[in-house]
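Novice: Quick one: the structure is below, questions incoming.
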Amino acid sequence: MPTLSLSDGRRLGYETFGAPDGDPVFFFHGLPGSRLDGELLADAATSRDVTLVAPDRPGFGLSTFQPTRRLLDWPTDVTAVADELGFERFGVVGLSGGGPHAAACTHAVTGDRLTGVALVDSALPTSFADRNVLGRTVFGVLARFPTLVRPGFALVALQAKHRPESLRNGMRRQMATGDESVLADDAVWASLLASTREAFRQGTRGPAHDGAVLSRPWGFGPATLDGSVSLWHGAEDGSVPVADVERFAAAIPDADLTVFDGEGHLSPLVRHGETILDAVV
């Protein structure tokens, strides 16, 4: 379980998967999640000769909480890890809540260091989410008062630790049909469960703050991104409707959007990992 000491005194935890000396790609976990989500791409990374580096965001797993963090602070941490590992160039893949963090790298990583960026069933800026009044209110409150969602995260943490099958069944009920078979796979579920438990290693403060970061303005718009961005999305994703993603992709110059029929929120990464990695190396 490697950790890196950063210039501001924080520590950043990360895990590596796949080929030991392959093409470098960073993988950014969802919310809640951790570096252990990288296991979902481990076989694909090995198959494609990719060295997959999956860091914990601040407050998750082994990474020190960063109370003033903004979305655009993340690329600085990523480049610090890349420099430590000797990566001159690298790709990035972001799943769900990791997607905006991948987009931030496109906006903020300087030079030609990025070989490609993939947003997989990515969370979107609030301005692109077609929510009703209640939904807009909830996200507005989350952006300003992240402590209010900590009890909900505490329940998830409790289920992950003591009642994992209850958590699994709840996810099956909430997620799309395409995700049911993924959640039924015991190996995939073991990886997701381990990652969820690790997400709350330090408690709920980090995940709650991460949700607030994602609910606030990103600090950049889709028009500032470029054609190195590819988007991959399940047509049946109930967490991030595909219609919202289509509007977001249309605002990115030369972006490439692939929609997988019959897939949900998690299944595109699990079933199409090799194709997604091919797009960023």
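Just so you know, all these numbers are worked out from the coordinates, no wet-lab data involved. Computed from a prediction, not measured in an experiment: that's the story for all the values here. Backbone-built Cβ (ideal geometry, glycine too); neighbour counts: all protein chains shown.
Novice: If you scan the stretch 205-252, which residues turn out to be within 17 Å of the chain's Cα centre (by Cα) and part of a loop (DSSP other than H, G, I, E, B)?
Specialist: Arg216, Trp218, Asp237, Gly238, Ser239, Val240, Pro241
Novice: If the Cβ limit is 9 Å and pairs must be 6+ apart or interchain, which residue in the stretch 140-153 that is free of Cβ contacts under 8 Å to residues at least 60 places away in the same chain pairs with which residue that is polar (S, T, N, Q) and part of a helix (DSSP H, G or I)?
Specialist: Close Cβ pairs (under 9 Å, with a partner that is polar (S, T, N, Q) and part of a helix (DSSP H, G or I)) amount to Val141/Ser215.
Novice: Just one of Arg35, Arg89 is out of contact with any helix residue (DSSP H, G or I) (no Cβ under 7 Å at 6 or more places or on another chain), within 19 Å of Arg197 (Cα to Cα) and of a type in the set (Lys, Arg); which is it? Before you say what the answer is, go through the steps one by one.
Specialist: On the way: Arg89 fails: within 19 Å of Arg197 (Cα to Cα).
Among Arg35, Arg89, only Arg35 is out of contact with any helix residue (DSSP H, G or I) (no Cβ under 7 Å at 6 or more places or on another chain), within 19 Å of Arg197 (Cα to Cα) and of a type in the set (Lys, Arg).
Novice: Out of the residues in the stretch 66-88 that are in contact with a Leu (Cβ under 7 Å, 6 or more places away or on another chain) and not aliphatic (A, V, I, L, M), state the one that is farthest from Ala208 (Cα to Cα). Give the derivation first.
Specialist: Here is the first cut: in the stretch 66-88, the ones in contact with a Leu (Cβ under 7 Å, 6 or more places away or on another chain) are 77, 80-81, 84.
Filter once more, so that each one left must be not aliphatic (A, V, I, L, M): 77, 84.
On the way: Asp77: 20, Glu84: 29 Å.
Going through the qualifying residues, I end up with Glu84.
Novice: Which one of these does Thr68 not meet: (1) polar (S, T, N, Q); (2) part of a helix (DSSP H, G or I); (3) free of Cβ contacts under 8 Å to residues at least 12 places away in the same chain?
Specialist: (2)
Novice: Another question, then. Does Phe248 meet the test of being more than 26 Å from Val182 (Cα to Cα), buried (at least 17 other Cβ atoms within 10 Å of the Cβ) and hydrophobic (A, V, I, L, M, F, W, C)?
Specialist: Taking the combined requirement at face value, the residue satisfies it.
Novice: Now a separate question. Looking only at the stretch 13-54, which residues are under 26 Å from Ala154 (Cβ atoms) and not in a helix (DSSP H, G or I)?
Specialist: Scanning the stretch 13-54 gives Gly13, Tyr14, Glu15, Phe28, His29, Gly30, Leu31, Pro32, Gly33, Ser34, Ala54.
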